[in-house]
1. What does the extension gain come out to for E144 and L132, with contour length at 0.36 nm per residue minus their alpha carbon separation?
2. From the backbone phi of region 121-130, what are the Karplus-calculated ³J(HN,Hα) couplings (6.51 cos²θ - 1.76 cosθ + 1.60, θ = phi - 60°) in whole Hz, Gly and Pro given as x?
3. What list of ³J(HN,Hα) values in whole Hz, one per residue of region 81-90 in order, does the Karplus curve 6.51 cos²θ - 1.76 cosθ + 1.60 (θ = phi - 60°) give from phi, with Gly and Pro shown as x?
4. To the nearest 0.05, how large is the calculated FRET efficiency for N30 and T50 if R₀ is 41 Å and r is the Cβ-Cβ distance?
5. What 222 nm value per residue comes from the helices of the chain, counting each DSSP H run with n ≥ 4 as -39,500 (n - 2.57) and dividing by all residues, nearest 500 deg cm²/dmol?
6. Want the number for R23 to K101: 0.36 nm per residue separation, take away the alpha-carbon distance, what's left?
7. May I ask for the angle, rounded to the nearest 10°, between helix 59-77 and the longest principal axis of the chain, with both axes built from Cα atoms and the value confined to 0 to 90°?
8. Quick query: amide H of G53 versus all other amide H atoms, modeled in the peptide plane; which residues come in under 5 Å with a sequence gap of 5 or more or a different chain?
Amino acid sequence: MKIEHEELAELVPQKGKMFLLGRICEANPNEWTIESETKITENFMFFDETTGGVPNYACFELIAQTVATLNGLFARENNLEPKIGFILSVSNLKFDFDLIKAGETVRIKAWRETDMDSVSSFAAEIYIDEKLSGSGKLTAMQAES
């Protein structure tokens, strides 16, 4: 399942400059796996002209938006109303890089590891131009309507 930027905007709450994902390369919402891709440009929200790139910690937001997209896809595939999610924790963030330069592509592969009631934990791998360059975990809670 490939989804381009315009369609993604319907699946996540982030809007305008805060909406960072370029596209979804693969997703299986019923198995809770997803892969996103974003090409870094000088227009990227976290781009720093003085360093000529984006700091590694911006990958946290890419992970969060990738997971939010997965939740949106699950809701759409199962005819459910999407729920707003809240990040409870981020852990084990590890990076083999300090900066992502303009022109480089960030790929996030994420999958749900655990789910209990309305709290889920996701693991993620970060690839820069196809090289595994980082990882982390995100725990989020879905709000009840």
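1. Working: separation 12, 0.36 × 12 = 4.32 nm, distance 3.56 nm.
Full extension of this stretch gives 0.8 nm more.
2. Karplus values, whole Hz, x for Gly and Pro: 10, 10, 9, 9, 10, 10, 10, 10, 6, 6.
3. After applying 6.51 cos²θ - 1.76 cosθ + 1.60, I find 6, x, 10, 6, x, 10, 6, 9, 7, 10 Hz.
4. Numbers: r = 44 Å, r/R0 = 1.08.
E between N30 and T50, to the nearest 0.05, is 0.40.
5. Details: 2 runs with 23 residues, N = 145.
-5000 deg cm²/dmol, from helical runs alone.
6. On the way: separation 78, 0.36 × 78 = 28.08 nm, distance 1.88 nm.
Here the answer is 26.2 nm.
7. Roughly 30 degrees, rounded to the nearest 10.
8. Those qualifying (amide H under 5 Å, at least 5 residues apart or on another chain) are D48.
Read the figures in this text as sums done on the coordinates, not as results from a lab. All values reported here derive from a predicted model rather than from experimental measurement. In this analysis, Cβ positions are derived from the backbone assuming ideal geometry, glycine residues included, and neighbour counts consider all displayed protein chains.
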